[in-house]
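Okay, so here's the structure we're looking at.
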Amino acid sequence: MTLATAAQQPAESKSKLSTVGRFLRYFAPYRADLPVALLLVSIGATTQAIGPLLIGWAIDNLILAGNLPGLLWMLAALTAIYIVGVWAIRGQIWRMGSIVQRLLGQLRQDIFDKVQSLPVSFFDRSEAGDLMSRLLNDVNTVNQAFGLTIPQVLGQTFSLVGIIIAMISINLQLGLLSNLVVPLMIFTTGFFSRWARSRFRVTRQTIGDLSAKLEEDIGSVKEAQAFNRTQLNIEEFDSLNAANRRANVQAVAVTAAFLPSIDFLNTLATAGVMAYGGYLAVTGVMTVGTVTAFVLYVQQFFRPIQILSQFYTQAQSALAGLDRIFLLLDEPATLQDALNATEMPPIEGEVRFDSVGFGYTPNQRVLKGVNLCAQPGQMVALVGPTGAGKSTIINLIMR
């Protein structure tokens, strides 16, 4: 059984919270950098939350009053505020991006170190292409979801909190009306997340199988041509490629159903706020500037939600990749050197097997009473059918 096949077993898959918690532990070495990044995030979010409030005040107190000098000063102040916001956002994207890239580099190193420490028996049941897919494709999927979007997601989360506070402070009723769709969005996101993660897990598994097939067939093209196996290889690859294509189409179907649902709730809430806000303005309960500020806040309010929703979809693919990565990292290193083992010096001499027996499992003996002697400089050929134990003998010599 291959590792890619083993990954499909539900008993071996991690829960979502367990996977996320384990991934978050990789941030521990960078705790000192996080406060600065969070400070920059809060500055950027504050500048975005202040903008509509100042615009609404300017409409009521400067534009409608015909105060041109005051309006120019307000424009200058808004420009300065937004420049500070852009600077803060740029800084937090760079800092968080740097942290995540160093984190992912450590994750790749952990995978490689783990592979180097695994026993030979592990590689007898695992394809090299699938292992490379975990090291490259799965980590790259995590990078696309977390490395490229975590800085933006942090900023949008802080902005969302600031916008909610600003809307409720302007008008409690309108603020609550805007937030009525949030429970529906949370429910929609939770509904699609289960569907999405299972689909994305299949895509990660099928790309691993495809990578293993590519690595095997490309490395043995000459042998396939010599034994007239090329057509069979093409048919096997076509089958794996079709499975990967179907898995990706199903994953795309989740996104195609999820994002329009969020957009619909966004439009529904915006229409409700504009209708009720217009009524309050007509009846004199709210000023034109306040309504304008609130409409701007509503537009800003749903942008973070849309970005967070899109990120949530991407995160399902990344979590599926992390499941496969952690499954590999949890593989037991059954073959370990003794605590008092010493480094062997360079050896030049004969290779001798004296009634050697060996089995990967207690019930499956591969070698029984093997006797072999190879003198220094002598060339010995091991000939036998598949499964006779040729590779096992070589692996034992290397140990």
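Here, each number is a calculation from the coordinates, and none is a lab measurement. The model shown is predicted, which means the values in this text are computed figures rather than measured ones. Virtual Cβ from ideal backbone geometry, glycine too; neighbours counted across all protein chains shown.
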Gaussian network model of the chain, Cα within-10 Å springs - most flexible of Gly51, Gly377, Gly321: Gly377
For Val366, residues with placed amide H under 5 Å, excluding near neighbours: Phe358, Gly359, Tyr360
Highest-MSF residue in the chain out of Leu34, Leu339, Leu367 [GNM, Cα springs under 10 Å]: Leu339
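Rounded to the nearest 20 debye, what is the charge dipole size of the chain about its Cα centre when +1 sits on each Lys and Arg Cβ and -1 on each Asp and Glu Cβ?
Numbers: 29 positive and 26 negative charges, 139 e Å.
The calculation lands at about 660 debye.
Just from its helices, what would the mean residue ellipticity at 222 nm be for the chain, if runs of 4 or more DSSP H residues each count -39500 (n - 2.57) and the sum is divided by every residue, rounded to the nearest 500 deg cm²/dmol? Before the final figure, lay out each step's value.
Numbers: 14 runs with 279 residues, N = 399.
Calculated at 222 nm, the ellipticity per residue is -24000 deg cm²/dmol.
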Sorted peptide list for 37-44, 85-92, 233-240, criterion being average Cβ within 10 angstrom, highest first: 37-44, 85-92, 233-240
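Taking other Cβ within 10 Å of each residue's Cβ, how do Lys368, Lys114 sort, fewest first?
Ascending Cβ contact count within 10 Å gives the list Lys368, Lys114.
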Under the span-like rule (Cα at least 27 Å along the axis, Kyte-Doolittle mean at least 0.0), DSSP H helices of the chain: 34-58, 68-117, 150-170, 181-218, 230-282, 288-329
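Over 30 Å between Cα atoms: which of Lys114/Lys390; Lys213/Lys390; Lys114/Lys222 fall into that group? Before the final figure, lay out the partial values.
Details: Lys114/Lys390 26 Å; Lys213/Lys390 23 Å; Lys114/Lys222 32 Å.
The pairs that break the limit, which is 30 Å between Cα atoms, are Lys114/Lys222.
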Length released on extending from Ala256 to Phe191, taking residue separation times 0.36 nm less the Cα-Cα span: 22.0 nm
Environment charge of Met96, counting only residues whose C-beta is closer than 15 Å and scoring Lys/Arg +1, Asp/Glu -1: +3
